[in-house]
Amino acid sequence: MSSTLPPVTALTFDLDDTLWDNHEVMVATENGHYAWLDEALARADTDRQRLSERFPLSAYQARRQHIARREPLRRGDFTWIRRQSLIEMLHDYGLPHAVAEEYALAAMEHFMTLRHRLTPYPEVEGLLDALAQRYALAAITNGNVQVTRLPLARHFPVAIAAGELLAPKPDARPFLAALARLGSAPSRAMHVGDSWHEDVLPAWRLGMRVAWIDKHDERPSELPAGVYRLAHVRELPALLEHLT
Ligand SMILES: [Mg+2]
């Protein structure tokens, strides 16, 4: 059907909410690492007011937003923003700077452990195995998942952490970085992702085709040419088949 377009030979994947449901992981991670920190501090100094009483989770979240606005050059680097927020908050809590830093680092280590306790959709493993036979694969994420810490890592020889590039999607740079490392022209690549603004629009503007996982059923009345709407990533092989 797409006789004027070159065949797709490379696929780039968003991760969170494309290959797994990220909501529960993030809730467990957010609550879990803060509760861990609260406990650790309470154990170390039983006389001090609990951290969670002085600074409830909502205060930590507000501080992250404040620091994100204050440090625009760090945009997208959520790990840095979290760590910095914890350091400043623990300092205000009365800990000397070095101790605040130590607890912030330990809390973030706990955060990263919890962040990687995620379960890809059951179809994903087999899907990527099959696709890797025919396509060059890459991951492009704004999230702070380290692909190398996931069992899925073997499918993604190319993995771009856009937040750490300080150029989170919808910035074009993470897409260009992935395409360069795959050695693919945009016209021969398809991006697969769930966010209209962070996945669909930037990839489409570069001339990639896009498989949009429309999780929230926010379908606009008309899709641009080269953008295909899927309800779930499991529908991707049928789409690719249809396009060849
Ligand atoms: Mg996503």
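Structure above, values below:
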quantity: Meets criteria (away from the ligand (no atom under 16 Å from the Cβ) and either more than 30 Å from Arg234 (Cα to Cα) or at pLDDT 95 or above (or both)) for Ser52; calculated: yes
quantity: Cβ-Cβ under 8 Å pairs, at least 6 apart or on other chains, the stretch 222-244 side more than 19 Å from Gly207 (Cα to Cα), far side among the hydroxyl-bearing types (Ser, Thr, Tyr) and assigned to a loop (DSSP other than H, G, I, E, B); calculated: His232/Tyr121; Val233/Thr18; Val233/Tyr121; Arg234/Tyr121
quantity: Boolean, Lys215 is within 13 Å of the ligand (Cβ to nearest atom), more than 13 Å from the chain's Cα centre (by Cα), under 18 Å from Asn22 (Cα atoms) and assigned to a loop (DSSP other than H, G, I, E, B); calculated: yes
quantity: Total residues in the stretch 120-140, condition loosely packed, with under 15 Cβ neighbours inside 10 Å and of a type in the set (A, V, I, L, M, F, W, C); calculated: 1
quantity: Checking Leu166 against (1) in contact (Cβ under 8 Å) with a residue 60 or more places away in the chain; (2) hydrophobic (A, V, I, L, M, F, W, C); (3) at negative phi, the condition it does not meet; calculated: (3)
quantity: Residue match in the stretch 147-163 (condition: buried (at least 20 other Cβ atoms within 10 Å of the Cβ) and closer than 21 Å to Tyr228 by Cβ); calculated: no
quantity: Tally, over the stretch 55-91, of residues that are in contact with a Leu (Cβ under 8 Å, 6 or more places away or on another chain), at pLDDT below 95 and surrounded by fewer than 19 Cβ atoms within 10 Å (Cβ to Cβ); calculated: 3
quantity: Restricting the stretch 1-25 to residues that are within 15 Å of the ligand (Cβ to nearest atom) and without any contact (Cβ under 8 Å) to a residue 24 or more places away in the chain, the residue that is nearest to Pro174 (Cα to Cα); calculated: His23
quantity: Yes/no for Pro96 being crowded, with 18+ Cβ neighbours inside 10 Å and of a type outside the set (Gly, Ala, Ser); calculated: no
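The values are calculated or read from the model by the stated rules, or taken from the named source; none is laboratory data. Note that the structure is predicted; figures quoted are calculated from it, not measured. Every residue, glycine among them, receives a Cβ derived from its backbone with ideal geometry; neighbour counts consider all protein chains shown.
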